[in-house]
1. Suppose the chain between S102 and F217 were pulled fully straight at 0.36 nm per residue; how much longer would it get relative to their current alpha carbon spacing?
2. Please get the size of the charge dipole for region 20-95, origin at its Cα centre, with Cβ charges of +1 on Lys and Arg and -1 on Asp and Glu, quoted in debye to the nearest 20.
3. With n ≥ 4 as the cut-off for DSSP H runs, can you work out [θ] at 222 nm for the chain, using -39500 (n - 2.57) per run divided by the number of residues, rounded to the nearest 500?
4. What FRET efficiency comes out for the pair K121/I174, r = Cβ-Cβ distance, R0 = 30 Å, nearest 0.05?
5. How much of the DSSP bridge set in region 121-245 is antiparallel, in percent, rounded to the nearest 5?
6. What's the FRET efficiency of Y259 with S84 using the Cβ-Cβ distance as r and R₀ = 25 Å, to the nearest 0.05?
7. When ligands, DNA and RNA are left out and all protein chains stay put, how many square angstrom of accessible area per residue does the chain have with a 1.4 Å probe?
8. Testing the spin-label approximation: label points 7 Å from Cα along Cα→Cβ at T247 and E71. State their distance in nm.
Amino acid sequence: MKINTVTILGANGTMGSQCAGIIAGFGNAKIYMVAREMAKTEDGINKAMDSIKSDVIKTQLIPKTYDNIEECVSKSDWIFECASEDLGIKRQLNNQIAKYKSKNSIVSTVSSGLSISNLAKSFDKNTNYFGTHFYNPPYKMLLCELISSSNSDLKIQKELFDYLQNTLHRKVVITNDTPGFAGNRIGFQFLNETLQFAQKYQKQGGIALMDKLLGGFTGRSLSPIATIDLVGLDVHKAIVNNIYNLTNDNAHKSFKMTYFVEYLISNNFLGNKNGQGFYKKEGDQKLVFNIDKKIYEPIPKFNIEFIDQTKELISNGE
C-alpha cells in the first residue's frame, strides 16, 4: 500500500499531532493538518515536530482549517479522523468526508472504543472504513488496534495492516468491533476502578494514595490516575461511559463514573491538555486534587511498608 497524501482531521490534539509526526516521519507522506482555526493548526504542526524531536518534517505538514476540507479530503489517499471521542461530532465529519473523498481512498477513525460499524454508516458500501486506534501517546506507545467495518475489504485490511506495521512501525492487533475493543476494555476498567478506590478512600489520601500504591511499585512508568490526566478526563469519561452503557457483564460496575471526575470536568479541569485535572503545577510544585475538600494541595507523603513474603517463607523453611 502506497500512501502519499493524508488528511488528519483534529490535527491539533495530542493524538492527531503525534500521529502526523509518525506518518510524516516514517511514511514520508504529505499531510494536510486540519483544525478549526489556523492558530490551532500551527500548534498541531509544532506538536508534531516536537513529538519526533525534529523539524525535518515541517515542509510535509500543510496547515489547513475545516474551511478547506473539500480540497484536503479529495486529494488524500488516507483520511484519518482524530476528532473528539463523541459519536455526533464524528458522524458530522464523516458526512462531510463522504461528500468529497475519492473513490479509492481509505477512511479511518482513531476512536478509542466507539462502534466502527456504526460510524461507517455515513459511507456507501464501496468505502473502506476502519478503526485505527493508535495508543496514547502514539510516538511512545507502539500498539495499534485495527478494526474492520462491514464496509472493509479484507484485501485492503491486509494492506493497511502491513502499512501500519512495516512502514509506521506499529505493533498491530486486529480486534473485534466491541465496546472499548480489546485494550481499553481491560485498561480502562483498571483506570476507572482506581478512581473508584480513590473516591472510597478520599479521607486517607485519595488520588495521591492510589497513584502511590499502583505506580512504580507495580512496574508502571506512569501511575494510573496521572495516566488519565495525560489521556484527558473528558476522553476517559467518553470511553468509560460508552463501555458502561453498552455492556452488562460481571465488570459492569467497574465502569461507573465517579462523582469527583464529573465535578472536575464540569469546571473544565480536563488534565494535561489545559494545565490541570487530578494534578496541576504551581511554579515548581506539583499539587493533587483533594476529593474530600475539593481543593488542590501539596502531594502528601505516605509511609508505606511492603512485606517481602518470599524472605518470610524462606526463613520459615517453606
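The values are calculated or read from the model by the stated rules, or taken from the named source; none is laboratory data. Because the structure is predicted, anything quoted here is derived from the model rather than measured. Quick reminder, even Gly has a Cβ in these numbers, built from the backbone with ideal geometry, and neighbours come from all protein chains shown. SASA here: full protein model, heavy atoms, side chains in, ligands and nucleic acids out. Shrake-Rupley method; radii C 1.70, N 1.55, O 1.52, S 1.80 Å.
1. On the way: separation 115, 0.36 × 115 = 41.40 nm, distance 5.10 nm.
Gain in length upon complete extension: 36.3 nm.
2. On the way: 10 positive and 12 negative charges, 29 e Å.
In total the dipole reaches around 140 debye.
3. Working: 12 runs with 124 residues, N = 318.
Computed ellipticity for the chain at 222 nm equals -11500 deg cm²/dmol.
4. Working: r = 21 Å, r/R0 = 0.71.
It comes to 0.90.
5. Numbers: 5 of 9 bridges.
Bridges in region 121-245 that DSSP calls antiparallel: roughly 55 percent.
6. Details: r = 23 Å, r/R0 = 0.91.
So, using R0 = 25 Å, E works out to roughly 0.65.
7. Details: 15910 Å² over 318 residues.
For the chain, the per-residue accessible area is 50 Å².
8. 4.4
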